[in-house]
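Heads up, the thing below is written out as structure tokens.
The values are calculated or read from the model by the stated rules, or taken from the named source; none is laboratory data. This is a predicted model, so every value here is computed, not measured. Methodologically, a virtual Cβ is constructed for each residue, glycine included, from the backbone with ideal geometry; neighbour enumeration extends over all protein chains shown. To get the accessible areas, we keep the full protein, side chains included, count just its heavy atoms, and leave off ligands, DNA and RNA. Shrake-Rupley method; radii C 1.70, N 1.55, O 1.52, S 1.80 Å.
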Amino acid sequence: MSKPEYHHSIQQLSAAEWNALGAADNPFTRYEFLAALEDAHCIGRASGWEPRYLTVRDAHGLAAAVAAFVKNHSYGEFVFDFAWARGYERLGRRYYPKLTLAAPFTPATGARLLVRPDLVRDELAPRLLAELERYAASHALSGVHALFLDESSRAACARRGWLLRRDCQFHWSNRGYTSFEHYLGTFTAEKRKKARRERRRVAEAGVHFETRLGGELDEPLLDRIYALHRDTFLRHGHEPYLTRAFFSHVARTMPQSLMVKLAVHGRTVVAAAVFFLSSQTLYGRYWGAAAEYHSLHFEACYHQGIEYCIEQRLERFEPGTQGEHKVSRGFEPAITWSAHYIADPEFRAAIGEYLQREGAAVDAYALEVQGHVPYRERRSLGRFG
């Protein structure tokens, strides 16, 4: 096995080798997604996301890798550590720069420690984590933060002694539904009536939906989708993380992984919801609308996504962060995980105590919310619970 190497661009590596590490199915760990972020200038030194792709090779090529980024802020991560940074500052210490393992701007669970399938993960994962700790120490980084971990990455970090942190999202699970009406049939009568009323209001407004995969999106249509998406960000006070060029790039290089639901009134696209796909999961990412239509957001971002999952027999729908309003529409609380290596022993102990209290509160919240799902039959807590 070779010595670990670091690369400042994904394009210094082979797409085939990278995707062969098990990264191919999740759209946000694919080489093409990371390359699109680089080419469209969404990541890089100017954005505060400086790539440090860690790789290890053997006689057969790329054996293991990590998509890591040197960060001088915490924006675009969706695991909030601003209070930790303020604690460092109060004592005259530097929290930034830090090292983050993540899919940039993407709060979706995925593999963070990529290992070629023919190799023993439990042997290589600790080596990758130890190397990241060494890199942090040698480059005066305050720590390493692995975000939205899949089960194997979480277990590896736990065995290494990294601090584990939980959060709660709301996910939808396909339990063999044959149609949207079949799905609604599992709701209580009150919640079923509400969902039907929401859908009816959109239809009565004269809005219908069209589904387009990446290969079916031409540049004028991408212009329209991006303008709607950008306007939503601007109304919340900031520019979007992703540039217009990013959408063209992924539509071209990941045509089967990008899906857009277009809300059309007459011949005009009045709203768009942007999704990504894996073989089993739909990921809701962005949305934008040019006008106010009653219940349009719920229809475009949630009902349309659920219906698509049923039609395509996808197992799960992850619509992103936050939003208790998702619960009444069939999404259930699901625990997500991050892991944190804090270099300073004093801060590591303090943060560890905080995470124990926070974790108990998150678990209690998830259990409480589970009692409000719309289903007639009560279900256990969702994924990773």
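Provide a single number: the residues in the range 324-347 that are small (Gly, Ala, Ser) and either assigned to a helix (DSSP H, G or I) or closer than 22 Å to Ser152 by Cβ (or both). Break it down into steps so the answer makes sense when it comes.
Filtering the range 324-347 for residues small (Gly, Ala, Ser) gives 328, 330, 334, 338-339, 343.
Still in the running and either assigned to a helix (DSSP H, G or I) or closer than 22 Å to Ser152 by Cβ (or both): 328, 334, 338-339.
Result for the range 324-347: 4.
Could you grab the pairs with beta carbons closer than 7 Å, sequence gap of 6+ or different chains, first residue in the range 128-140 and in contact (Cβ under 8 Å) with a residue 40 or more places away in the chain, second one in a helix (DSSP H, G or I) and crowded, with 21+ Cβ neighbours inside 10 Å?
Close Cβ pairs satisfying both conditions: Leu129/Ala156; Leu129/Cys157.
Conditions: (1) surrounded by fewer than 17 Cβ atoms within 10 Å (Cβ to Cβ); (2) part of a strand (DSSP E or B); (3) hydrophobic (A, V, I, L, M, F, W, C). Ala364 meets all but one. Number of the miss?
With (1) surrounded by fewer than 17 Cβ atoms within 10 Å (Cβ to Cβ); (2) part of a strand (DSSP E or B); (3) hydrophobic (A, V, I, L, M, F, W, C) applied to Ala364, the lone miss is (2).
How many of the residues making up the range 184-198 are closer than 18 Å to His294 by Cβ and open to solvent by less than 50 Å² (accessible area, probe 1.4 Å)?
2
Checking Tyr75 against (1) more than 19 Å from the chain's Cα centre (by Cα); (2) farther than 24 Å from Arg252 by Cα; (3) hydroxyl-bearing (Ser, Thr, Tyr), which single condition isn't satisfied?
Condition (1) is where Tyr75 drops out.
Identify the residue in the range 154-163 that is crowded, with 19+ Cβ neighbours inside 10 Å and under 23 Å from Phe80 (Cβ atoms) and, among all such residues, is nearest to the chain's Cα centre (by Cα). Spell out the reasoning first.
Going residue by residue through the range 154-163, those that are crowded, with 19+ Cβ neighbours inside 10 Å are 154, 156-157, 162-163.
From what is left, the residues that are under 23 Å from Phe80 (Cβ atoms) are 154, 157, 162-163.
On the way: Arg154: 16, Cys157: 19, Trp162: 21, Leu163: 20 Å.
Result: Arg154.
In the range 341-361, which residues are exposed (fewer than 15 other Cβ atoms within 10 Å of the Cβ), aliphatic (A, V, I, L, M) and touching a residue at least 12 places away in the same chain (Cβ under 8 Å)?
Residue satisfying the conditions is Ala350 alone.
Going through Ala46, Ala65, Ala23 one at a time, which residue ends up being modelled with pLDDT under 95 and within 30 Å of Leu355 (Cβ to Cβ)? If you could, list the steps in order and put the result at the bottom.
On the way: Ala46 fails: within 30 Å of Leu355 (Cβ to Cβ); Ala65 fails: modelled with pLDDT under 95.
Result: Ala23 is the single residue among Ala46, Ala65, Ala23 that is modelled with pLDDT under 95 and within 30 Å of Leu355 (Cβ to Cβ).
Do we find a residue being within 15 Å of the chain's Cα centre (by Cα), in contact (Cβ under 8 Å) with a residue 12 or more places away in the chain and open to solvent by 20 Å² or more (accessible area, probe 1.4 Å) anywhere in the range 325-340?
Step one: list which residues in the range 325-340 are within 15 Å of the chain's Cα centre (by Cα), which gives 334-338.
Applying the additional criterion that residues be in contact (Cβ under 8 Å) with a residue 12 or more places away in the chain yields 334-338.
From the residues that got through so far, the ones that are open to solvent by 20 Å² or more (accessible area, probe 1.4 Å) too are 337.
Yes.
If Thr321 satisfies all but one of (1) open to solvent by 40 Å² or more (accessible area, probe 1.4 Å); (2) touching a Pro at 6+ places or on another chain (Cβ under 9 Å); (3) modelled with pLDDT of 95 or more, what's the number of the condition it fails?
Among (1) open to solvent by 40 Å² or more (accessible area, probe 1.4 Å); (2) touching a Pro at 6+ places or on another chain (Cβ under 9 Å); (3) modelled with pLDDT of 95 or more, the lone unmet condition for Thr321 is (3).
Mind counting the residues in the range 142-153 that are surrounded by fewer than 23 Cβ atoms within 10 Å (Cβ to Cβ) and touching a Pro at 6+ places or on another chain (Cβ under 8 Å)?
Of the residues in the range 142-153, 1 are surrounded by fewer than 23 Cβ atoms within 10 Å (Cβ to Cβ) and touching a Pro at 6+ places or on another chain (Cβ under 8 Å).
Need a quick list: helices (runs of 4 or more DSSP H) entirely within the range 202-313 having at least 3 residues that are without any contact (Cβ under 8 Å) to a residue 40 or more places away in the chain and surrounded by fewer than 16 Cβ atoms within 10 Å (Cβ to Cβ).
Passing ranges, in order: 219-235.
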